[in-house]
Amino acid sequence: MNNYSEKIQEILKEMNKIVIGQDEIIKKILIGIFIDGHILLEGLPGLAKSLTVNSLAKIFNVGFSRIQFTPDLLPSDIIGMEIYEEETKEFKVKKGPIFSNFILADEINRAPAKVQSALLEAMQERQITIGDTTFRLDNPFIVLATQNPIEQNGTYPLPEAQQDRFLFKLKIDYPKKEVERELIERISKGNIPEKVEVNILITQNDIETIKKEIEKVFISDVLKDYIIDIIFKTREKNNYIECGASPRATINILKAAKANAYISGRDYVSLEDIREVAYDILRHRIILSYEAEVDNITVENVVADILNSVEIK
């Protein structure tokens, strides 16, 4: 269907030289890149999140910046500041690490709310004002924010309204036994993941072309209605749902389903495209009730029930 199907498969293959067993995560990150969507990654330390994003930046030949969020971080540490130069008697703008293409916001929930807001505002507006000057952020620009699911001490959980700005919330689990065995095999042969060289496989012009082609992917009225039915199901009165998904979720499912179809080499959206992306789009947008907590019902349980109960009309 498109000229980039093989190229995208090459990217997945190239990434497999470095990160094993994370094809679905990498595929979702590619979707985010191609539809300008930011991603929230939840997983324990040591699961190659930084290595994944850095390697993708090399394959795409774009800038990479890692920001370690800490309780004492300031907004200016992210976006930059004006510095007075004694020699020239003028203020000079010093740009922060947000001025890059692929941003890894590591442990975003360790920084206070005002710092989180500075990052999330940049994500939303794709521009930053320092002093009296407004700067457009680079293109492509994608933020991949990580948070630890276990450690709670010294953390500042992201408010639901801010989580809604992320396209996906992806959960990264420990690798399977055979995957970790393959990792040992590679390292024993001297193939250290951090030292493996990757090839540049795609250009910025390619990215822009892919974005335009994804917009042209066909979706039937029946499947559009199916997306709407899923979203409205999250808003129905329910013992376990306090608040359902916003219209932003509707738009994101549509765009992500088109991108998923495109990456799969098709020019039309299928039911499976919607189901593949809906889970990670809804996961952080549904607020559970107190009853759900009492009954040990997780948001994963609720989303699964919704996707299993909504039928195509």
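Here are a few things to note about the model shown:
- Cross-link pairs beyond the 26 Å C-alpha cut-off, checked among Lys49/Lys177; Lys211/Lys313; Lys211/Lys237; Lys49/Lys233; Lys177/Lys211; Lys13/Lys224: Lys211/Lys313; Lys211/Lys237; Lys49/Lys233; Lys177/Lys211; Lys13/Lys224
- Tail beyond 19 Å, pair distance distribution of region 5-189 (Cα, percent): 61 percent
- Amide H contacts of Cys243: Ile287, each under 5 Å away and 5 or more positions distant or on a separate chain (H built 1.01 Å from N in the peptide plane; Pro and chain starts excluded).
- Alpha-carbon centroids, region 90-141 and region 1-78: separation in whole Å: 18 Å
- In sequence order, calculated HN-Hα J values of region 283-298 (Karplus, 6.51, -1.76, 1.60; Hz; x Gly/Pro): 3, 9, 10, 9, 9, 7, 7, 5, 4, 5, 5, 4, 8, 6, 8, 9
- Computed from point charges on the beta carbon alone (+1 for Lys and Arg, -1 for Asp and Glu), the dipole magnitude for the chain about its Cα centre is near 480 Debye.
- Positive end of the dipole of the chain (Cβ unit charges, origin at the Cα centre): among Ile231, Thr88, Ile210, the Cα lying farthest that way belongs to Ile210.
- Within the chain, helix-based [θ] at 222 nm, where runs of 4 or more DSSP H residues each add -39,500 (n - 2.57), nearest 500: -13500 deg cm²/dmol
- Grouping the Cα pair distances of region 73-176 into 5 Å bins from zero gives a pair-distance distribution of 2, 10, 21, 22, 17, 12, 8, 4, 2, 1, 0, 0 percent in increasing distance order.
- Taking every Cα-Cα distance in the chain and sorting them into 20 Å bins starting at zero, the pair-distance distribution P(r) comes out as 29, 58, 12, 0 percent.
- By definition, a body whose alpha carbon gyration tensor gives a ≥ b ≥ c is oblate when a/c is 1.5 or more and a/b is not larger than b/c, and region 180-264 fits this oblate description.
- Sum of side-chain charges, Gln163 neighbourhood, beta-carbon under 9 Å (Lys, Arg +1; Asp, Glu -1): +1
- For region 5-189, a crude dipole built from +1 on the beta carbon of Lys and Arg and -1 on the beta carbon of Asp and Glu, taken about the Cα centre, is about 560 debye to the nearest 20.
- Using C-alpha pairs under 8 Å with a sequence gap of at least 6, the mean separation divided by the residue count of region 5-189 gives a relative contact order of 30 percent.
- Positive minus negative residues near His284 (Lys, Arg vs Asp, Glu; Cβ under 12 Å): +1
- In region 217-309, a dipole from Cβ-located charges (positive for Lys and Arg, negative for Asp and Glu) runs towards its positive end, and of Ile306, Ala256, Tyr279 it is Ala256 whose Cα lies farthest in that direction.
- Across region 217-309, the relative contact order, built from alpha-carbon pairs under 8 Å that are at least six residues apart, equals 35 percent.
- Summing Lys and Arg as +1 and Asp and Glu as -1 over all other residues whose Cβ lies under 15 Å from the Cβ of Glu178 gives a net charge of -1.
- Distant-in-sequence amide H partners of Leu170 (H built 1.01 Å from N, under 5 Å): Leu40, Leu41, Glu42
- Other-chain or far-sequence residues with amide H under 5 Å of Ile130's (modelled H): Phe135
- Antiparallel DSSP beta bridges within the chain, percent to nearest 5: 40 percent
Only the coordinates and a few stated rules stand behind these numbers; no lab work does. Source: prediction; values computed, not measured. Positions of Cβ are backbone-derived with ideal geometry, glycine not excepted, and every protein chain shown enters the neighbour counts.
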